[in-house]
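Data first, discussion second: the structure below is written as structure tokens.
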Amino acid sequence: MRILLIGEYSRFYNSLKEGLLKLGHEVVLIGDNDFKNYPVDIPIYAKYFKDNYLLNKFRQLVYRILKVDLALYETGLRFYLNRNKMTGFDIVQLVNEYPIHSPVFIEKKLLKFIFKNNKKVFLSSCGDDFSCVSYMLQDKFRYSVLTPCKGNPKLGHCQYTLMYVTKPFVKLHKFVYENINAVIPGEVDYLIPLEGNPKLAEMIPYPINIDLHQEIQHPITDKIIIFHGINKVNYYKKGNDYFEKALEIIQNKYGDKVEIITATSIPYIEYIELYNKSHILLDQVFSYDQGYNALEAMAKGKVVFTGAETEFMDYYNLSERVAVNALPDVDALVNELSFLIENPLEILAIAKRARAFVEKEHHYTKIASKYSKVWEAN
């Protein structure tokens, strides 16, 4: 099959592409390779308005006055100029209801072109979208990325998350669902809000290229090494404030027994190099299941503090922990970290189970095969 993947912000589609290529398919990936710099075949990154100093200053001035982001227009233009490379595919998979990140009225026109000029189009649910945000707003989750917004609605991510339920995005959501063959959630957090949706195919876990992420076991001899990666844009959305408070307590409590590495908004390659030597990785607190960053670390045999709620354990029929369920509770985080520091054999045991879990449930060629079957069936 000829397959077009539109959008990339977590290496999800790169790994899916690698699995599909292994199965003999032809795959093209188009996306906005932001600061993480994930590889794409057709880049639509707004390099003029984002990377040119003077143009970026002009962009910021225009945004302050008119609330118009010129970078979105550049992204849309780059997609449009490459449109002839995006026709005649058997399958198109959108990473999100808003995969191009252009102005919404332009986004709709560009997606209309995709729907018209390709055979089948599918949608991934793997981040903020109308269905998920609507579900969060009804307080059906015990906690969610909108939980911090209740205390401070001016937090950076709140406006971005809530835009998916504004009138223009609701219209975009309806338009996308009218034209897709099916929606495929990537984890439990996105499966739950879609239950009962007539376009729901099935949940397919994220693909992880385990060939690229070999298990890295560092013997625990002197210090327990804890890695905390921060993306400034998603600081509160990921619960980094909870982690930082917990780490301050841990540092004071254990001193030389721990080494804490913190990295802020760095390219993906540098990020990986830093966390490779850690035993424990702090990922996020407002999730029920693991996101992409957590799974890659689990594949390397790290103990990851992330979503591992009862719903996740039940879905995969797990009786032992493959990750630590990180709660939005500083005391709970401190207790979990303290337990591991004082019981290093448990670090090794969870790490081993984490790698085995990813191999079983997230192997990139197995996941690519699942996608192929769903595409053919719908």
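What follows draws every value from the coordinates through simple rules; no lab data is involved. Not measured: the values here are computed from a predicted model. With ideal geometry, Cβ positions are generated from the backbone for all residues, glycine too; neighbour counts draw on all protein chains shown.
Please build a GNM for the chain, connecting alpha carbons under 10 Å apart, and tell me which residue among L66, L274, L20 fluctuates the most.
Answer for the Gaussian network model of the chain: L66.
Order of C126, C149 from fewest to most other C-beta atoms within 10 Å?
C149, C126
Go through K108/K150; K67/K140; K120/K366; K50/K116; K57/K232 and tell me which ones have a Cα-Cα distance over 25 Å in this structure. Show your work: numbers first, answer last.
On the way: K108/K150 31 Å; K67/K140 33 Å; K120/K366 21 Å; K50/K116 31 Å; K57/K232 20 Å.
K108/K150; K67/K140; K50/K116, as the Cα separations exceed 25 Å there.
What pairs in K237/K257; K171/K237; K22/K112; K154/K360; K199/K352 have C-alpha atoms more than 32 Å from each other?
Values: K237/K257 30 Å; K171/K237 25 Å; K22/K112 30 Å; K154/K360 41 Å; K199/K352 37 Å.
Correct reply: K154/K360; K199/K352.
What base-10 log of the normalised intensity I(q)/I(0) is obtained for segment 1-65 from the Debye formula, alpha carbons as equal point scatterers, at q = 0.18, 0.19, 0.24, 0.28 Å⁻¹?
Cα-only, vacuum Debye calculation for segment 1-65: -0.68, -0.73, -0.94, -1.11.
With angles folded into 0 to 90 degrees, how steeply does helix 12-22 sit against the dominant principal axis of the chain? Use alpha carbons for both and round to 10.
The angle comes out near 80 degrees.
Hey, got a sec? Which trypsin sites (Lys or Arg not before Pro) in segment 224-306 land in a DSSP loop and have at most 14 other Cβ atoms within 10 Å? Can you show the working numbers first?
Details: sites: K232, K237, K238, K245, K253, K257, K277, K300, K302; in loops: K237, K238, K277, K300, K302.
Sites meeting the loop and neighbour criteria: K277.
Taking amide H positions as placed 1.01 Å from N in the peptide plane, with prolines and chain starts having none, which residues 5 or more places from I225, or on another chain, fall under 5 Å of its amide H?
Amide H to amide H, under 5 Å and 5 or more residues apart or across chains, I225 pairs with E259, H279, I280.
Which order, highest average first, do 7-16, 46-55 follow once you tally other Cβ atoms within 10 Å for each residue and take the mean per peptide? The partial results should precede the final answer.
On the way: 7-16: 22.9, 46-55: 14.3.
The peptides rank, most packed first, as 7-16, 46-55.
Based solely on its DSSP helices, what 222 nm [θ] is calculated for the chain when runs of n ≥ 4 H residues each add -39,500 (n - 2.57) and the sum is averaged over all residues, nearest 500 deg cm²/dmol? Each step should come with its number before you reach the end.
Numbers: 17 runs with 177 residues, N = 378.
Helix-only estimate at 222 nm: -14000 deg cm²/dmol.
Run through segment 79-161 and list the trypsin sites (Lys or Arg not before Pro) located in a DSSP loop whose Cβ has at most 15 other Cβ atoms within 10 Å.
Details: sites: R83, K85, K108, K109, K112, K116, K119, K120, K140, R142, K150, K154; in loops: K119, K140, R142, K154.
Answer in residue order: K119, K140, R142, K154.
Within a 10 angstrom radius of the beta carbon, how do R64, R78 rank from fewest other beta carbons to most? Present the calculation step by step, with values, prior to reporting the outcome.
Details: R64 8, R78 20.
Result, fewest neighbours first: R64, R78.
Taking a quarter of the surface of the Cα convex hull of segment 283-374, what do you get in nm²?
Values: hull surface 24.5 nm².
The orientation-averaged projected area of the Cα hull of segment 283-374 comes to 6.1 nm².
Given a Förster radius of 51 Å and the C-beta distance between M1 and F339 as r, what FRET efficiency does 1/(1 + (r/R0)^6) yield to the nearest 0.05?
Working: r = 48 Å, r/R0 = 0.94.
In this case the efficiency is close to 0.60.
List the GluC sites (Glu not before Pro) within segment 268-322 that DSSP assigns to loop and that have no more than 11 neighbouring Cβ atoms inside 10 Å. Display every interim value, and only then the final one.
Numbers: sites: E270, E273, E296, E309, E311, E320; in loops: E309, E320.
Those satisfying the criteria are E320.
Rounding to the nearest 10 and keeping the result within 0 to 90°, find how far the Cα-based axis of helix 330-342 lies from the longest principal axis of the chain.
It works out to around 60 degrees.
Please turn the phi angles of segment 319-325 into ³J(HN,Hα) values with the Karplus equation 6.51 cos²θ - 1.76 cosθ + 1.60 (θ = phi - 60°), one per residue in order, whole Hz, x for glycine and proline.
10, 10, 6, 10, 7, 9, 6
How large is the convex hull of the C-alpha atoms of segment 186-326 per residue, in Å³? Before the final figure, lay out the partial values.
Numbers: hull volume 18.6 nm³, N = 141.
Per-residue hull volume (Cα only) is 132 Å³.
Nearest 10 degrees is fine. How inclined is helix 364-377 to the longest principal axis of the chain, computing both from alpha carbons?
Between the helix axis and the principal axis of the chain, the angle is about 40 degrees.
Taking the radius of gyration and the Kirkwood hydrodynamic radius from Cα positions alone, what is the Rg/Rh ratio for segment 117-237, to two decimal places? Working shown, then result.
Working: Rg = 18.3 Å, Rh = 17.1 Å.
That ratio equals 1.06.
Give the order of M136, M163, M298 when sorted by the count of other beta carbons within 10 angstrom, beginning with the fewest.
Working: M136 23, M163 14, M298 30.
Listed from fewest to most nearby Cβ atoms, that is M163, M136, M298.
Which of the three applies to segment 184-251, rounded, prolate or oblate, going by the alpha-carbon gyration tensor with a ≥ b ≥ c and a/c under 1.5 meaning rounded? List each step's numbers first, then the result.
Numbers: a/c = 3.26, a/b = 1.59, b/c = 2.05.
Oblate, because a/c is 1.5 or more while a/b does not exceed b/c.
Counting residues in the chain as N, plug N into 2.2 N^0.38 Å and put the Cα Rg over that result.
Numbers: Rg = 20.8 Å, N = 378, 2.2 N^0.38 = 21.0 Å.
Scaled against compact globular proteins, the figure is 0.99.
For a distance above 25 Å, tell me the whole-number percent of Cα pairs in segment 26-139 that qualify. Could the numbers behind the result be given before it?
Details: 1923 of 6441 pairs.
Summing the P(r) tail past 25 Å for segment 26-139 gives 30 percent.
For the chain, give me every cysteine whose Cβ has no other Cys Cβ within less than 4.7 Å, ordered by residue number.
Within the chain, the cysteines lacking a partner Cβ under 4.7 Å are C126, C132.
Could you work out the Rg to Rh ratio of segment 53-92, with Rh taken as the Kirkwood radius (inverse of the mean 1/r over all Cα pairs)? Don't jump to the answer; show the numbers that get you there.
Values: Rg = 14.8 Å, Rh = 12.0 Å.
Over the Cα atoms of segment 53-92, Rg/Rh equals 1.23.
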